[in-house]
Each structure stands twice: as structure tokens, then as C-alpha cells.
Amino acid sequence: MADLTALASLSDQEVVLQARDGLEAAYRELIRRYERPIFSLIYRMVRDRALAEDLSQETFIKALNAIESYRPEYKFSSWIFKIANNAAIDQIRRRELNTLSLDGSPHATTPDEIEATALQVSARGLSPLEALESQELGGMIEKAIGRLRPEYRACILLRHVEGLAYEEIAELMNLPLGTVKTYIHRARNELRDLLAHTRD
Amino acid sequence: MTDALFHLGPDEFDLWIEGRLPADRTSHLETCPSCSAEAQQTRELIQRLASLPMVSPSASMADRVMRQVIVSQAGGHLSAEELDLWTTGRLAGGREEHLRACAECRAVADAERVLVRQLEALPRLTPSAGFAERVLDGVPLPVTSLASAWRSWRRQVASNPIGVGIAASVAVILGGAVAASAAWAAGNQDIILGVGSWLRTSGELWAWQQLAVAQSFLDQQAWYGSLRTAVTPGRVATAGTLIIGLYAGGVLALRRLLALPESQVARTSP
């Protein structure tokens, strides 16, 4: 426990160096620092708690197993968010989760279209996990985020929920800076429209 | 040289069209039907290209471009980039004045601020209990404590339960066999000692018998008698000396043959 207390005061880079020396407490400290941000990002991207758990776990295992290849001149947060974002985007593309959202297709623009494309789960009732998900991501803004394109969703979450700079987002998403700004501005416009639509 | 070498090249056709072809080349052009025909064709092609009509983009293109352009003039509405600066309190003073005066920009900016605050207020979500343990189960850590040894063992069992099961069964069987042997030996030392003594005596007897058989076999061979006569201690010593001398000479000769010249030996220090 003394290890954990001392590690908590170190920077990410310093904790990574300790992890490279094989200190298990350093691995735990990195998980402690990033488990919630990474899980939150992935969960809001894929909108499925069990899948988000698996992808978050996979993200940390990949990052910690490759800790030797991490270059300390870059921010650890950018590095691990990059791995997490890639995992989420890959998963979304693979399973086309965005078209199977409980909240309807992200391409639907009117209430009728949203209702028509939403999965009907009420007939069989919600499982406890689904009920938890419904509660966690059930707010208007969460639903609106879920309707954004995955790239817009990632950009807006990284910028305004995780507080990353535009340059960091551009680097971790392998996009030009101008594209990231455009994505974020468009995402905000869409969110404003969606939220206004919901209020109406 | 042939006439072809004196025909006009592509650059000279350009010069001719622009009226800058030197006089001697112009006189060639006037007398050469081939160059003259090509020059006329080139001029016609350029005239046709120059007369192609302009194609207009769709009417909304200017709007689409302007949505992506930061409007810098003092009187224009705030751009997306400026709205972003405003939400983080970094908008330039002059543009703040416009924002205060322009109801349209203020409405957009207020909506933007509300949205950004909603996004920033989103809670961090937590994975289920035991997340760190599940991650560490997938990360090979050096074994530095009993806890890490236990985790490492558990990981191995989880990753290859059949292999671990077989290895454990073999270990149990071997361990059981060794333990049973040790227990039996502890209670029957006289038998073990008796068997050991019998084996040693029988082994020695068998070895001497084999030696006697070999000796009698050699004695019956004709060549063995002459060999025993020929091999004397003096001859053995002479042959041994000769063999050692030849071996040493061969080694010295090989070393000399395989040695690199001095100038080609790599230097390890300056």
C-alpha cells in the first residue's frame, strides 16, 4: 500500500518507468488512473456495457503488454486513448453497432424515422444489464451522442468529456487538425439540433 | 545528318506561336511542308483549348466554403472557431463587442455554451468490480511476490487448463511413486543391501569371465603371436615420439596458414 501512495504522486511517465521495471503496483496505478476515462469513452462509443468492459480490458492488456514500446515524449493519456478509440471504432465498423442502436439509426432525422429504426425491447422486458445501460446512457444528451457518426462521437467525447486538446485528438485519431475541428463543430451543430428536436 | 534533325521541336512550335522563333528557323518552317503542317495543327489546338467555356460550380458552393472559413472582418458573424474560443474565454476583444451587439450570434453562442457545459458535466462511468484483476490476468508480470506467483499460476491454469491438468497428473503419479519407493526402502533396508551385494559380486565375476574368454580367443589367432613379437617397448616409444612430432608440426603449419596479415586485423581501440 505504501507503494500505491508513493506512485499516486508521480507523473504518468514516471509510473510507466516503474512499470517497465516490473513493479506490479505501477501497473495497478495506471489502471486506477485510466479505467474510468477509458471505460467511459468506449461505453459511450459502443453503447453496450458488456462489450465496453471487454474492449476496455483489451485496451489495457494491449497497452500494458506493449509498455516497452511506449515513448515517454508523448502523453500516456494520448497513447492509451488512441488504443481505446481504435478498438471502439474497429468494433463499431465490424458489427455496425450504429445501425443496431437501441435508440434507432443515427441517420434517422425525424421522430418517425427514429422510432421506425429503433429496436423494440419492451416486449420481452429489459434484462438487469440493459436496465443499467438504459439508466446510464438514457439521458437526452447521451442519446443524442449515440446518434452521431462514430468519428464525430469520438471527437466530441475526447474534446469535451475528456478535455483533450484539438492537436492531441488529431494525433491520436490520425486526422488533420482541420478535419478534427470540422468534426467537432459539425458534431456540436448536430447535437444542438438533436437536443432542440427532443425538447420540441 | 538528315533533314529530320533540322525539323522544329515542340519548344520551337511554342516560340513560333508566340512570334519569337529565330529567323533561320522561321525560314525552315516556311520551306518544310511537314513542319508547316504540324505548326498549323498546334496553333488550331491551342485556339480551341482557349475558347473552351467556363464551367460554374453549384450555387451553394460559396456557402459551403464560407462555413469552413474563419471570418476575420470585424462586422461578420462569429465563425465556428470563434465560438469555440468564446466558450473557453479566449475570444478577442473586438469580436466580443460584436457578440454583445449581435442577437443572432448571441443565441448561437449561448446554445453552444449550454451544450459544452452539458458535455463537460457527463459523469465518468465505472467498469464492474475486479476490472484491474482481469486486466492483470492478461499481463505477464515478473514474479516478485507470493501474490504475483499465485496470479501467474492462475493465469497459466486459465490459459491452458488441459495442459496444466496433464502436467499435474504426471507430477502426482511420479511423486506418489517416489514416495512409495522411499517408504518401502526405509522398511526393507536389509533386502536392498543384500540385492546390492549380490549385484556387485555377480557383476565382477561376469566381467572377469568375459576378459578370460577374450584372452583365450586372441591366443588362438596366428597374427596375435607375431604382433606380440613385433611390438617391443622401444618400438612403441619411437612410434609415439614420431606421432607427437607430426601432430605438433601440423598444428604449427595450420596456424601459419590461417593467420591474417597484420594490416588486415581489425582494431578495437583507436
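The values are calculated or read from the model by the stated rules, or taken from the named source; none is laboratory data. Please read these numbers as outputs of a predicted model, since none were measured by experiment. Neighbour counts run over all protein chains shown; Cβ positions are idealised from the backbone, glycine included. To get the accessible areas, we keep the full protein, side chains included, count just its heavy atoms, and leave off ligands, DNA and RNA. Shrake-Rupley method; radii C 1.70, N 1.55, O 1.52, S 1.80 Å.
Summary table below
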{"quantity": "Residue list for the range B:122-147, filter: more than 15 Å from A:Asp54 (Cβ to Cβ), within 28 Å of the chain's Cα centre (by Cα) and in a helix (DSSP H, G or I)", "calculated": "B:Leu136"}
{"quantity": "So A:Ser11, is it within 29 Å of A:Gln91 (Cα to Cα) and either away from chain B (no Cβ under 11 Å) or at pLDDT below 95 (or both)", "calculated": "no"}
{"quantity": "Elements of type helices (runs of 4 or more DSSP H) in the range B:3-83, at least 3 residues being modelled with pLDDT of 80 or more and more than 30 Å from B:Ala101 (Cα to Cα)", "calculated": "B:10-17, B:23-31, B:33-50"}
{"quantity": "Residue count, the range A:148-200 (criterion: open to solvent by 20 Å² or more (accessible area, probe 1.4 Å), free of Cβ contacts under 8 Å to residues at least 40 places away in the same chain and of a type outside the set (Lys, Arg))", "calculated": "17"}
{"quantity": "Residues located in the range A:17-48, provided they are among the basic types (Lys, Arg) and surrounded by fewer than 20 Cβ atoms within 10 Å (Cβ to Cβ)", "calculated": "A:Arg20, A:Arg28, A:Arg32, A:Arg33, A:Arg36"}
{"quantity": "Enumeration of residues in the range A:163-200 that are among the charged types (D, E, K, R) and over 22 Å from A:Gly139 (Cβ atoms)", "calculated": "A:Glu167, A:Glu168, A:Glu171, A:Lys181"}
{"quantity": "Index of the failed condition, A:Ile141 passing every other in (1) more than 11 Å from chain B (Cβ to nearest Cβ); (2) open to solvent by 10 Å² or more (accessible area, probe 1.4 Å)", "calculated": "(1)"}
{"quantity": "Among residues of the range B:153-204, those that are assigned to a helix (DSSP H, G or I) and more than 30 Å from B:Gly138 (Cα to Cα), counted", "calculated": "31"}
{"quantity": "Single residue of B:Glu120, B:Glu96, B:Glu112 found to be more than 11 Å from every other protein chain (Cβ to nearest Cβ) and among the acidic types (Asp, Glu)", "calculated": "B:Glu96"}
{"quantity": "Qualifying residue in the range A:89-101 (condition: over 12 Å from the mean Cα position of the chain (by Cα), surrounded by 19 or more Cβ atoms within 10 Å (Cβ to Cβ), within 14 Å of chain B (Cβ to nearest Cβ) and assigned to a helix (DSSP H, G or I))", "calculated": "no"}
{"quantity": "Criterion violated by A:Tyr27 - all others in (1) within 8 Å of chain B (Cβ to nearest Cβ); (2) closer than 24 Å to A:Ile156 by Cβ; (3) of a type in the set (Ser, Thr, Tyr) satisfied", "calculated": "(2)"}
{"quantity": "Given (1) of a type outside the set (Asp, Glu); (2) part of a helix (DSSP H, G or I); (3) modelled with pLDDT of 90 or more, index of the condition A:Leu148 fails", "calculated": "(2)"}
{"quantity": "Among residues of the range A:144-187, those that are of a type in the set (S, T, N, Q) and either touching a His at 6+ places or on another chain (Cβ under 8 Å) or more than 10 Å from every other protein chain (Cβ to nearest Cβ) (or both), counted", "calculated": "2"}
{"quantity": "Which listed residue is at the interface with chain B (Cβ under 9 Å from one of its Cβ atoms) and in contact (Cβ under 8 Å) with a residue 24 or more places away in the chain, from A:Glu58, A:Glu68", "calculated": "A:Glu58"}
{"quantity": "Near pairs, Cβ below 6 angstrom, 6+ apart or cross-chain, from the range B:146-157 (closer than 12 Å to B:Leu136 by Cα) to any residue that is open to solvent by 40 Å² or more (accessible area, probe 1.4 Å) and assigned to a helix (DSSP H, G or I)", "calculated": "B:Arg155/B:Asp137"}
{"quantity": "So B:Ser152, is it surrounded by 11 or more Cβ atoms within 10 Å (Cβ to Cβ) and in contact with a Pro (Cβ under 8 Å, 6 or more places away or on another chain)", "calculated": "yes"}
{"quantity": "Of residues in the range B:109-141 being surrounded by 18 or more Cβ atoms within 10 Å (Cβ to Cβ) and in contact (Cβ under 8 Å) with a residue 24 or more places away in the chain, the one farthest from A:Leu194 (Cα to Cα)", "calculated": "B:Ala109"}
